[in-house]
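The numbers here are math on the coordinates, done by the rules we state, and not lab data. Remember, it's a predicted structure, so these values are computed and weren't measured experimentally. Positions of Cβ are backbone-derived with ideal geometry, glycine not excepted, and every protein chain shown enters the neighbour counts.
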Ligand code: ACM
């Protein structure tokens, strides 16, 4: 299917071809401490029954009871606190039946005698909180969520949600009681980037399906949704300057279905929905290969000027934009410019994988032209690992470039050198993190070219030791791609994502020293009833001790 190849010798070409690009700084990974033991249970859950496992958990005291009189207090004047409070009230509303009043507070809830209710406070002065960290304290009649940013508060809200009984996920009123275990959580992520990729090219997913998927990802503090928006089988994003991409190129998908595309308004709706939940959209236009839908739409993008027929199979590596023609770069520039204007996030993903009918020289020539086009949009380039050796990197005066590691085995030649030049990598090794791989040989969905990936297999790896020469300091984070050759709708995608996706989220967030399958699988089992109540499809793998 996807036959991995390595491309030798690109590192040397990189220096020659790509010079003089400016550089933002890379994010430094955070570290954390271990979680402590469980408090006595009853109707109340445990403070450490959370995925991803928080960096530090100290149970103490009695549970806090939420009731219809609970007040949500938000830091006066803080949009971040107001946004997180809105998310909290929306999440708790249906099952509790409470319409929790939101009132301003001046922050007095942080002292020795915290105000009753749930307080959301922003503390921009505490460096320990970082970009995404938070503190949650539950004692007496008060739950205090404190963070330096909106993202941190949103993560605190998701933790609070998991601390409440699973019934909180129901869409109609449940009896409660709504108990939050007492104690203190201090939490921040190991890696800045925790992603999930959805291939909407092989099978199109509707706006509603993507938004629902985002909700499931945000629950585990996944903060990037990478959308694979173009491939041989379909072009999925409206580009106003090249309208035939969607008029012609969107009308197919694997198996001959009708396909589909997002208007720019649709895309903006996905971006806004994701952002409200702390998730940044990373759009991918795959090139120069994986481009049959574009080549079918515009004959001039083909070296022979002849448009190929649409493609609805699942082979890879047969298509390429015409590297030598200037119109190719006008096309790429226009697409990247429109996409960047629609995308508030930092990253544009340019694909670059499996360009099997493009020579090494052509590939280098192409990337040499495309990377400055990304830079011109003000965004940071991300691409599959094949392109990384070509990126000059900050140490050579270039911009930061991010590679996405996917090919099982040793790194691409030139990749370690590229990372030494200041570039960074997202770890998605296909033998652990590709969640479209079958769980078992007879599993009805998915592919198996990278092997079978059970729940433990997807959990049992460390991004900082997976590949020789690629250590913690150059890893930006992790991402779990889901390719949809065999997955026709969101139900299929969810069945592959759950229960494996939370394990990828935990790898990306929790301190490595807490990584432990035996205790993780117990926590994972607690998520089953939550997915059932939320209508999320999942595979009841025998590896997980689900409760009846
Ligand atoms: C890939 O799986 N071709 C990135």
Using the basic label-point model (7 angstrom from Cα toward the beta carbon), what is the residue 376 to residue 71 distance in nanometres?
5.6 nm
Using alpha carbon centroids, what distance separates segment 341-376 and segment 415-480, in Å?
22 Å
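If you average 1/r over all unlike Cα pairs in segment 250-316 and invert the result, what Kirkwood radius do you get in angstrom? All intermediate terms of the calculation are to be shown ahead of the outcome.
Values: mean 1/r = 0.0710 Å⁻¹.
Computed over segment 250-316, the radius equals 14.1 Å.
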Using 5 Å bins from zero, what percent of all Cα-Cα pairs in segment 125-174 falls into each bin?
5, 21, 23, 18, 17, 10, 4, 2, 0
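Taking the convex hull of the Cα atoms, report for segment 419-548 its projected area averaged over all directions, in nm².
Details: hull surface 34.8 nm².
Hull-based average projected area comes out at 8.7 nm².
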Arranged by the count of other C-beta atoms within 10 angstrom, fewest first, what order do 263, 484 take?
263, 484
Going highest first, how would you order 140-152, 119-131 by mean Cβ packing within 10 Å?
140-152, 119-131
Suppose R0 equals 51 Å. What FRET efficiency, 1/(1 + (r/R0)^6) with r the Cβ-Cβ distance, do residue 517 and residue 265 give to the nearest 0.05?
0.70
Rounded to the nearest 5, what % of DSSP beta bridges with both residues in segment 73-184 are antiparallel?
40 percent
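Is segment 80-201 rounded, prolate or oblate when judged by the Cα gyration tensor, a ≥ b ≥ c being the square roots of its eigenvalues, rounded requiring a/c under 1.5 and prolate requiring a/b larger than b/c? Walk me through the numbers on the way to the answer.
Values: a/c = 1.70, a/b = 1.02, b/c = 1.66.
Note, shape of segment 80-201 comes out oblate.
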By how many degrees, 0 to 90 and rounded to 10, does the Cα axis of helix 326-342 deviate from the longest principal axis of the chain?
10 degrees
Rounded to the nearest 500, what is the 222 nm mean residue ellipticity of the chain from helices alone, with -39500 (n - 2.57) per DSSP H run of 4+ residues and division by all residues?
-8500 deg cm²/dmol
Which whole-number percent gives the relative contact order of segment 311-386, counting Cα pairs below 8 Å spaced six or more residues apart?
42 percent
Calculate the FRET efficiency for residue 448 and residue 318 from the Cβ-Cβ distance with a Förster distance of 22 Å, rounded to the nearest 0.05.
0.55
What number, in nm² with one decimal, is the all-direction average of the projected area of the convex hull of the alpha-carbon atoms of the chain?
23.5 nm²
Binned Cα-Cα distances of segment 188-323, short to long, each 10 Å bin given as a whole percent
13, 41, 29, 14, 3, 0
Degrees between helix 150-163 axis and first principal axis of the chain (Cα, 0 to 90, nearest 10)
60 degrees
As a footprinting exposure proxy, order 368, 322 by other Cβ within 10 Å, with the fewest listed first.
368, 322
For segment 313-373, state the average projected area of the convex hull of the C-alpha atoms over all orientations, rounded to one decimal in nm².
5.0 nm²
Quick note on 533, 47, 400, ordering by fewest other C-beta atoms within 10 Å, gives 533, 400, 47
Using the Kirkwood formula on alpha carbons, the hydrodynamic radius of segment 132-257 in angstrom works out to 17.7 Å
Kirkwood calc, segment 347-447, C-alpha pairs only, radius in angstrom 14.5 Å
Measure off 7 Å from each Cα along the Cα-to-Cβ vector at residue 325 and residue 346, then give the distance between these two points in nanometres to one decimal.
3.7 nm
Place a point 7 Å from the Cα of residue 491 in the direction of its beta carbon; the residues of segment 196-238 whose amide N falls under 18 Å from it are 203-213
Acute angle (nearest 10 degrees) that the helix 264-276 long axis makes with the longest principal axis of the chain, alpha-carbon atoms:
40 degrees
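Of the peptides 217-224, 323-330, 339-346, how do they stack up when ordered by the mean number of other Cβ atoms within 10 Å, highest first? Show your work: numbers first, answer last.
Numbers: 217-224: 25.5, 323-330: 15.1, 339-346: 16.9.
The packing order, highest mean first, is 217-224, 339-346, 323-330.
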Looking at the chain, what % of its DSSP beta bridges pair antiparallel, to the nearest 5?
30 percent
